[in-house]
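Worksheet: one structure, shown below.
The values are calculated or read from the model by the stated rules, or taken from the named source; none is laboratory data. Quick caveat: nothing in here was measured; it's all calculated off a predicted structure. Please note: Cβ atoms are built from the backbone with ideal geometry, for glycine as well, and neighbour counts cover all protein chains shown. For the accessible areas, the whole protein counts, side chains as well, though only heavy atoms, and no ligand, DNA or RNA atoms are used. Shrake-Rupley method; radii C 1.70, N 1.55, O 1.52, S 1.80 Å.
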Amino acid sequence: MAMENEGDNEQLLSRAYTLPSNNNKRRRKPLNKTKSTPVTAGLCRQGSFSREIGHAAAETYLITRLSFKLLSYLGLGYRWITRLLGLALYAMLLMPGFLQVAFYYFFSPLVRRSVVYGDQPRNRLDLYLPEDINRPKPVVAFVTGGAWIIGYKAWGSLLGKQLSEHDIIVACIDYRNFPQGTIGDMVEDVSQGISFVCNTIADYGGDPNRIYLMGQSAGAHISSCALMKQAIKESRGESVSWTTSQIKAYFGLSGGYNLPNLVDHFNNRGLYRSIFLSIMEGEESLRNYSPEIMVQDQSSKAAIPLLPHIILFHGTSDSSIPSDSSKTFVDTLCGVGAQAELILYDGKTHTDLFLQDPLRGGKDDLFDHIVAYIHANDKEALAKDAMAPPRRRLVPEILLKLARRISPF
């Protein structure tokens, strides 16, 4: 199979490419409301609708192009074919919910899509804003997962929608995926996105003193690397564009933090060793991008006190990344003097916490925990949360159960 040829590693790295951007590079700020005539209002609506269609087409083209480029690298191995088929069926079963979230994503005036934060391809982020910004709101900078290969900012739209309904601004940071970039590019992009949020979120109604960093799956790994490397830079007196003290807490969901311990596991799951090592810039770089190993390095000792409170969430039935990955990281963090805690969800899989449970509506333990933590010192927000109606179901239960059974994750 093409991906099992170890000689392909250098070729994979050398063929990383960039895509031209069709996006306006000026950052969009909230606009003040102005009076308009019925004619001008109609023209504005028509122009806005045309822009939305154009944006949707551009986003679809980007994802499709990257997907075919990726397939040219991976070849047509049995495991990848079965997982792609499983992913397609999984998405079809959850489509009733995905369509509702997609409509919100593309047409809600509360979503600011593709705000530019840097000059590299995919240096964009989406902002999800509460309806009423009568005072500065807390902010979650979120990094989506996708096996370092299919990550995309729009994957955070369900989280962004639900958190913004609880008066929390969400910034979903996009980043270059493999083969468009390797792990160093991903960490650099995410760090630059965090810098943008820390330095400009006040322009969108956010409170720069209440910024939380969150990552899911591969996004948890990338964002924790960015956080740790930033703390190391600060401890060495290097120039930085944002500081770890600007992050109130870090939330890691279903992440992997010790790469050498996961190589064989990922290989058995279909993310073959040759591909994974290409993504991570070679076997010699695995330790450099393993937060669990980084915090134990004596040269990083001064960075530990600079880390924010770290909370890791994981399902005990996660087969994509075992929950022991979060457990050992928390144990290591506590062992070196960092503030860290682990919250396990019995019987939950890799996608239960992030997709199936939110699509189910009603009570959601993970979501409730995050909102309660962010609003802990805000009596007004807590009172409003207590009065909020139950979250609406987006997908019938039978489809959720079927999707859980055939999920490739």
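Only lysine pairs 8 or more places apart or on separate chains count here, and in region 95-406 those with Cα atoms under 20 Å apart total 17.
Please report, in debye to the nearest 20, how large the charge dipole of region 95-406 is about its Cα centre when each Lys and Arg carries +1 at its beta carbon and each Asp and Glu carries -1 there. Could the numbers behind the result be given before it?
Values: 30 positive and 34 negative charges, 118 e Å.
That gives region 95-406 a dipole magnitude of about 560 debye.
For a test of the definition: using alpha carbon positions, the gyration tensor, and the 1.5 limit on a/c, classify region 95-406 as rounded, prolate or oblate. Cα axes put region 95-406 in the rounded bin.
Per-residue surface analysis assigns Trp155 an accessible area of about 110 Å², computed on protein heavy atoms at 1.4 Å probe radius. The accessible surface of region 95-406, taken with every protein chain in place and a 1.4 Å probe, is 52 percent carbon and sulfur. Under 5 Å between amide hydrogens, which residues at least 5 positions from Lys137 or on another chain qualify, with H placed 1.01 Å from N in the peptide plane? Answer set, sorted by chain and number: Gly206, Asp207.
Where the alpha-carbon atoms of region 117-216 are placed on the principal axes, they occupy 43, 25, 17 Å, in descending order. Two numbers describe the Cα atoms of region 245-395: Rg and Dmax, which are 17.8, 53 Å.
Among Gln339, Asn199, Pro396, which residue has its Cα positioned farthest towards the positive end of the charge dipole of region 95-406, with +1 placed on the Cβ of Lys and Arg, -1 on the Cβ of Asp and Glu, and the dipole taken about the Cα centre? Of Gln339, Asn199, Pro396, it is Pro396. Of the whole protein surface, Thr82 contributes about 60 Å² of accessible area at a 1.4 Å probe radius.
The Thr316 and Tyr373 beta-carbon pair, evaluated with R₀ = 25 Å, returns a calculated FRET efficiency of approximately 0.75. Given +1 at the Cβ of Lys and Arg, -1 at the Cβ of Asp and Glu and no other charges, the dipole of region 135-293 around its Cα centre is 300 debye to the nearest 20. In percent, rounded to a whole number, the relative contact order of region 253-409 is 21, using alpha-carbon pairs under 8 Å and six or more apart. Residues whose amide H comes within less than 5 Å of that of Tyr117, counting only those at least five positions distant or on another chain, are Arg124, Leu125 (H built at 1.01 Å from N in the peptide plane). Projecting the Cα atoms of Val263, Gln162, Pro208 onto the charge dipole of region 145-281 (Cβ charges, centred on the Cα centre) puts Val263 farthest toward the positive pole.
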